[in-house]
Amino acid sequence: MQEQPPVEETEQPPETLAEEAEQAAETPGEEVVETTIELPEWVPEQIRDLWLLIQDQPLLAFVVIVVVGYVLAVIARNVICRGIARLTAKTETDFDDRLIELLHRPVFQTVFLCALVPATRTLGLPFTKTVVHILQTIVVLTWLFAGFPISRLVLEGLGAVRDRFQIIEERTIPLFDITMKLLLFGGATYVVLLIWGINPAAWLASAGVLGIAVGFAAKDTLANLFAGFFIVADTPYKLGDFVILPT
């Protein structure tokens, strides 16, 4: 039996190794998606075993999570709204009824969209991370658009209690309403930037510089605006009073 000659290992030249390393660095890595969802320990063992069988079929797991999320959303909406209704059952105003009506949609959508996040991950799609960010953004926008009428309702409720909140009245509510909307919009924008992994520091610095420029350009207008606000807030005179101006 003849012995086979040893195979000599051919070494690649340094230029070839450098080119392969450069191509590997330029090739983007694939997104690793975690498709398995572990149930907490307090869940009965029979349900956990059943869930392990369901996870073998990604489409079936997606449907199950969506159905469970819808049911939980309905339950959360009813529990929260009925709880608020019981706490405010003895009130004489319609403030609580209007507040419950405004909370119906955002509570339901928040719970349902939160359930869609793990449901999307079970499918193992390559763009799962983008879909999750979109769902989180929709949740933020849902509460943003719900916050506008809720803030207006709260201001109207505070304005009705004139003994405690004299500064909030019919003439100052529009100013406070605009301020609340700007704060809500700014907070929602900040959260959305964080969701998409964008550093908001540069945006805040740019907004600060822009605010200074606008302040210098419209200082007279802003001075008149704040002067009018303090006149309304301090109420040195009211509607129907005669003001004698020096001539």
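Let me check I've understood the local charge: for residue 101, count other residues with C-beta under 14 angstrom from its C-beta, Lys and Arg +1, Asp and Glu -1. What total comes out?
Values: positive: 77, 82, 98, 105, 152; negative: 94, 96, 97.
Neighbour charge sum, excluding residue 101 itself: +2.
Taking the Cα atoms of the stretch 180-220, report the difference between the largest and smallest coordinate on each principal axis, in whole Å and largest first.
Computed over the Cα atoms, the extents are 38, 23, 7 Å.
Do any chymotrypsin sites (Phe, Trp or Tyr not before Pro) in the stretch 108-200 lie in a DSSP loop with no more than 15 other beta carbon atoms within 10 Å, and if so, which?
Numbers: sites: 108, 112, 127, 143, 145, 165, 176, 185, 190, 196; in loops: 127, 165, 196.
Here the sparse-neighbourhood loop sites are 127, 165, 196.
Arranged from highest to lowest average of other beta-carbon atoms within 10 Å per residue, in what order do the peptides 72-84, 147-159, 212-224 appear? Intermediate values should be presented prior to the final figure.
Details: 72-84: 14.5, 147-159: 16.8, 212-224: 10.4.
Going by the mean number of other Cβ atoms within 10 Å, highest first, we get 147-159, 72-84, 212-224.
Explain nothing, just the number: relative contact order of the stretch 35-113, from Cα pairs under 8 Å at least 6 residues apart, as a whole percent.
Value for the stretch 35-113: 34 percent.
Explain nothing, just the number: relative contact order of the stretch 69-152, from Cα pairs under 8 Å at least 6 residues apart, as a whole percent. Please report the intermediate quantities before stating the final value.
Details: 55 pairs, mean separation 29.7, N = 84.
Relative contact order, the stretch 69-152: 35 percent.
Determine the equivalent ellipsoid of the stretch 123-247 by diagonalising the alpha-carbon gyration tensor, then write out the semi-axes as square roots of 5 times the eigenvalues, largest first, rounded to whole Å. Write down the numbers at each step before the final one.
Details: eigenvalues 333, 93, 12 Å².
Ellipsoid semi-axes (Å, largest first): 41, 22, 8.
Sticking with the crude label model, points 7 Å out along Cα→Cβ, report the distance from residue 75 to residue 206 in nm, one decimal please.
Result: 4.5 nm between the two label points.
What FRET efficiency comes out for residue 226 versus residue 98 if R0 is 30 angstrom and r is the Cβ-Cβ distance? Round to the nearest 0.05. Intermediate values should be presented prior to the final figure.
On the way: r = 32 Å, r/R0 = 1.05.
Given R0 = 30 Å and the Cβ-Cβ separation, E is 0.45.
Each label point is 7 Å from the Cα along the Cα-to-Cβ direction; what then is the distance between the points at residue 38 and residue 237, in nm?
Those two pseudo-labels are separated by 7.4 nm.
Pop a pseudo-label 7 angstrom from the Cα along the beta-carbon direction at both residue 219 and residue 56 and give the gap in nm to one decimal.
Taking the two extended label points, one gets 7.6 nm.
Quick check: the distance between the Cα centres of the stretch 79-152 and the stretch 48-77, to the nearest angstrom?
Each part reduced to its Cα centre gives a spacing of 20 Å.
The numbers here are math on the coordinates, done by the rules we state, and not lab data. Owing to the predicted nature of the structure, the values given are computational and were not obtained by experimental measurement. For neighbour counting, all protein chains shown are included, and Cβ atoms are generated from backbone atoms with ideal geometry for every residue, glycine included.
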